[in-house]
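What follows is one structure encoded as structure tokens, with my remarks underneath.
Here, each number is a calculation from the coordinates, and none is a lab measurement. Remember, predicted model here, so these are calculated numbers, not experimental data. When we count neighbours, we look across all protein chains shown, and the Cβ atoms used for this are built from the backbone with ideal geometry, even at glycine.
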Amino acid sequence: LYESSTGKQIWFSNQRIPSQNTHGTGCTLASSIAACLARGMSTPVAVEHANAYVWDAIRAASRCWIGSGHGPLHHSFCGHDWSSSPARRQACHDA
């Protein structure tokens, strides 16, 4: 993430999840960022939370078998904890 007003760069990452169900990750990430911004989060926090949501949706979808190619994320899984993203990011950097 590049903040043009401050010149600050923020990098986001997660551990890779072996899954073929990754169809829609870009749209889901963009929509999640927009939803978080609409809730009043700052841009860096919105991206961090959206990144965590997409990671959880990929993880949930990795346990599903849909079709024979690249399937969709599991958007309606239960158990996403919006407060977990900072801890997840730290765990990914420590790994």
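Here is how the numbers come out for the structure above:
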read-out	value
Radius 11 Å from Cβ of N21, net charge of other residues (Lys, Arg +1; Asp, Glu -1)	+2
Amide H contacts under 5 Å for H23, placed H, 5+ residues apart	G71, L73
Pairwise label distance in nanometres, V45 with E3, each label 7 Å out on the Cα-Cβ vector	1.2 nm
Relative contact order computed over the range 5-64 (Cα-Cα under 8 Å; 6+ residues apart), in percent	47 percent
Per-residue ³J(HN,Hα) for the range 32-45, Karplus 6.51 cos²θ - 1.76 cosθ + 1.60, θ = phi - 60°, Hz, x for Gly and Pro	5, 4, 4, 5, 5, 5, 5, 7, x, 6, 5, 4, x, 5
